[in-house]
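See below for the structure under consideration.
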Amino acid sequence: DFVPRHRTHRLGILQDDIYWARETEDSVIDGLLPETQDASLGFHSCHSPLREMEVLLDRIYRALADPAIRVTDILVMAPDIQKYIAVIQAVFGDALPYGIADQNQYQNSDILRSFIQLLNLPNSRLPASELITYLEVPAIARRFGIDDEGVTFIKAWIKATGIRWGRDGASKQKWSVPDETHFTWQFGLDQLLMGVLTDEPITDLSVLPYALPLDHLLVLNAFLDFCQTVFETQTQLETVRSPEQWASAISSLLERLFDPVDQERQDLIKLLDLNEAFLQLSVDENFDRRVSLDFVIAWFDGQLNRPNPAMRFINGGITFSTLTPMRSIPFKMVCLIGMNESDFPRRDAVHPFDLMTAAPARIGDRSRRDDDRYLFLEALLSARDRLHISYCGRGIRDNELKPPSVLVSELLDYCNAVFGQQTVIDHPLQPFSQRYFQDPLIQSFENHWRVNPSRQSKDLTRLSEITSSEPIPTSLSIETLSRFLLNPARYFFESRLNINLTLRHEAIEDLEPFSLDPLTRFHITDLAIQAQATGTPKKQWVADILKQGLVPNFSLGKQALNTIAVAAELLFNEIQGVYQLGRPSVTRAQNVHSFTLQGRFDQLSAEHYLSYRAGDLTARHLMQPFLAHLLLASSGAPIKTLTYGVRKGQLVSGHFEPMDQARAKDLLGTYLQAFTQGNSALLVFPFETCRALLSHLDKGLALPDALDQVEQTWRDPKALTDAQDPYWSRLIESPLTLNQLNIDLARALLDPLTEAWVQS
């Protein structure tokens, strides 16, 4: 029987109005608690499922402050709890006891998940990332004798040989793409095989050999065996078969691709049992007609998607589950998560072999959307004291508004009509936002996210507290000194503290390139300059670059190569008067301020030193040539240093005039003094920011105005500034924090460079 609800809080009024079927205008709200004191009904908009869980944990902590509520009184439901299992485990961890019901059999089994993916091979374009995913399944890698180190090698080979998708050129036609082998598996594997067969360049090959160390050949052989097995499996599964033939093909697939151990054997046995059940079903029904792969996948997927029978609904803690009929068990706190417009109400799955979907729906036909409307009503009535509803209402990248489920929107319309404007709490993107520790409406109990007030200080002197007691190297190259000056923060963290903030997983690319990124363009321009220097015909080096898969093998790629060729020819024509092919390298060393500074020079003559690059010549690109110029001058060789580069297809050039030996030593002493300081403690010298600031000051701007200009550039996400650097962006909140000491340091380190360089 329905228990009458107290009309002193919003949830009680909502449930009472549902029971009596009251219209909004007939609802009475006399004696209603103020919204700030009423925690019975809450709507929360977050940026991601992870943030939903973090917000939910805080709301549960707040609810548990009521001694009448225990963790066993809390039910959390989602349209598909599988999508939330990882973030539930990450956020709740050991914080509170909980249990997750409705986990399908996929959840903790790589073998079961990869099995369904392998069945889908005929529908796959064979993207590079998919085959790597298979190799990351231990049972599959074990079958082919590939260990973790081998997978690392294979990833590097895939990137280096330009494998993106498609078995070969012919297979691309299935996807309405021209028959072109570039960026296919055949294209990449041919490079690897040719690298084994020959160690000398052969110009008439369709691909360039990719050289491999001899100790990698066993891994390559295993990788080729794996690829061949996947390709053969894809071909075999494309055939329409009888159930008996499908059972035989699946048994062969399991044997050829999986080598399970320990608990994995149970998963393989489960698949073998399902395969036997599939065959037995056809025998029992006397069904021997041929069926499509889609039917087979749907049957196995349906069996594996069933909840694990070993998992109970209520486990003695907070219960997480999927929204399912017949679960209208009263709980003191009911939480509905993932109430997004695209996810709830859920849509019926449509299969091509489902004949019911071919005819118009009739009265009485089951509709999952209608079922979900009833489930939502059940959930509203199951909550005794509190109802928590959350959804992803903001874009995690652009912060754009996203609507909730239409059912939540209808509930909000009711609340707005009865209670006045209902507050949807719009949560910050990050859990460490200061709003969580200032706004009582969303107060967080996760105090480890609270930022120490002393760390919020804008005074950059606190950065000097980051120190290192490691011995300072006394012998270094001009490359090391240049790397330090261009980014003292990165040098200090990586070389002194052994902390690398740039390490990240580089995803395997699945789409062939349609344009050249700046790094690839730089690399190809450099190759073009080398080809010019060695007299290699343009037709040959263009063909070699196409064989490497560095550019797309169609008109856009060839047009980009022609543009690069023009720039390379322009640069080489300018430097060929001073460039000497095969000139031996010269090493110079000089003792300066207890340091031994050394450099290697490839194009050094008695009159000049030649420095050129396949890109622009900005201050950061001139720093190393300038240090080389100082080293040569300090060692008694006051010669001219010539610098050449290419900017947007146009030649840029300049030079450093011969310098007095004493002056060169003084400047090197300044840079080495900064190096000493920056090895003991963090040196606050963000190169690009300081360069831009000095440029504004030199134009006559007052310091506050110059800082404002730099600040605007810092905040521009499209500008290449220190704000995009993983080190400076963590250390400096804003260029406005720079002070006169930083400016004086920048003057000492940058002015000599800008004053010495003469642009042509």
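From Ser248, Ser242, Ser252, which residue is of a type outside the set (A, V, I, L, M), surrounded by fewer than 21 Cβ atoms within 10 Å (Cβ to Cβ) and in contact with a Lys or Arg (Cβ under 8 Å, 6 or more places away or on another chain)?
One residue alone meets the criteria, Ser242.
For Arg167, work out the one condition from (1) in contact with a helix residue (DSSP H, G or I) (Cβ under 7 Å, 6 or more places away or on another chain); (2) part of a helix (DSSP H, G or I) it doesn't fulfil.
Tallying (1) in contact with a helix residue (DSSP H, G or I) (Cβ under 7 Å, 6 or more places away or on another chain); (2) part of a helix (DSSP H, G or I), Arg167 fails exactly one: (2).
Tally up the residues in the stretch 634-680 that are among the aliphatic types (A, V, I, L, M), buried (at least 21 other Cβ atoms within 10 Å of the Cβ) and assigned to a helix (DSSP H, G or I), please.
Result for the stretch 634-680: 3.
Out of curiosity, is Ile140 outside the structural domain of Met333 (by TED's automatic domain parsing), surrounded by fewer than 16 Cβ atoms within 10 Å (Cβ to Cβ), assigned to a helix (DSSP H, G or I) and not charged (D, E, K, R)?
Taking the combined requirement at face value, the residue does not satisfy it.
Just the residues that are surrounded by fewer than 15 Cβ atoms within 10 Å (Cβ to Cβ) and either acidic (Asp, Glu) or not in a helix (DSSP H, G or I) (or both), please, taken from the stretch 519-535.
Correct list: Gly535 only.
Quick one: Leu631 ticks every box in (1) within 29 Å of Asp666 (Cα to Cα); (2) assigned to a helix (DSSP H, G or I); (3) modelled with pLDDT under 85 except a single one, so which number is it?
(3)
How about the stretch 584-613: which of its residues are over 43 Å from the mean Cα position of the chain (by Cα) and either of a type in the set (Ser, Thr, Tyr) or not in a strand (DSSP E or B) (or both)?
Listed by number, the residues that qualify are Pro584, His593, Ser594, Ser605, Ala606, Glu607.
Where the second residue is modelled with pLDDT under 90 and buried (at least 21 other Cβ atoms within 10 Å of the Cβ) and the first is β-branched (Val, Ile, Thr) and part of a loop (DSSP other than H, G, I, E, B) and lies in the stretch 717-742, which pairs have Cβ atoms under 7 Å and are six or more apart or on separate chains?
These pairs meet every condition: Thr721/Trp714.
Does Leu631 meet the test of being hydrophobic (A, V, I, L, M, F, W, C) and either out of contact with any Asp or Glu (no Cβ under 9 Å at 6 or more places or on another chain) or assigned by TED's automatic domain parsing to the domain that holds Ile524 (or both)?
When the stated conditions are applied, Leu631 passes them.
Identify, please: which residue in the stretch 431-477 is surrounded by 10 or more Cβ atoms within 10 Å (Cβ to Cβ) and small (Gly, Ala, Ser) and is, among those, modelled with the highest pLDDT?
Ser477
Collect the residues in the stretch 393-440 that are touching a Gly at 6+ places or on another chain (Cβ under 8 Å) and touching a residue at least 40 places away in the same chain (Cβ under 8 Å), keeping them in residue-number order.
Lys402, Pro403, Pro404, Val424, Ile425, Asp426
If you check Leu736, Leu701, which single one turns out to be at pLDDT 90 or above, surrounded by 13 or more Cβ atoms within 10 Å (Cβ to Cβ) and of a type in the set (A, V, I, L, M, F, W, C)?
Leu701
Taking the stretch 88-105 on its own, how many of its residues are without any contact (Cβ under 8 Å) to a residue 60 or more places away in the chain and surrounded by fewer than 18 Cβ atoms within 10 Å (Cβ to Cβ)?
Of the residues in the stretch 88-105, 5 are without any contact (Cβ under 8 Å) to a residue 60 or more places away in the chain and surrounded by fewer than 18 Cβ atoms within 10 Å (Cβ to Cβ).
If you check Leu693 against the conditions, is it under 17 Å from Ser477 (Cβ atoms) and not in a strand (DSSP E or B)?
Taking the combined requirement at face value, the residue does not satisfy it.
If we keep just the residues of the stretch 358-412 that are surrounded by 16 or more Cβ atoms within 10 Å (Cβ to Cβ) and among the β-branched types (Val, Ile, Thr), which is nearest to Thr8 (Cα to Cα)?
Ile389
Mind checking which pairs have a first residue in the stretch 594-613 that is without any contact (Cβ under 8 Å) to a residue 24 or more places away in the chain and within 16 Å of Asp526 (Cα to Cα) and a second that is among the aliphatic types (A, V, I, L, M) and part of a strand (DSSP E or B), Cβ under 9 Å, 6 or more apart or different chains?
Asp602/Val586; Asp602/Leu610
Out of curiosity, is Asp544 of a type in the set (D, E, K, R) and more than 27 Å from Ser605 (Cβ to Cβ)?
Here the answer is yes, as Asp544 does meet what is asked.
Here is a list: Val684, Val710. Which entry is touching a His at 6+ places or on another chain (Cβ under 8 Å), touching a residue at least 24 places away in the same chain (Cβ under 8 Å) and surrounded by 14 or more Cβ atoms within 10 Å (Cβ to Cβ)?
The match here is Val710.
The values are calculated or read from the model by the stated rules, or taken from the named source; none is laboratory data. If you're wondering where the values come from, they're calculated on a predicted model, not measured in any experiment. FYI the Cβ positions are ideal-geometry reconstructions off the backbone, even for glycines, and counts take in every protein chain you see.
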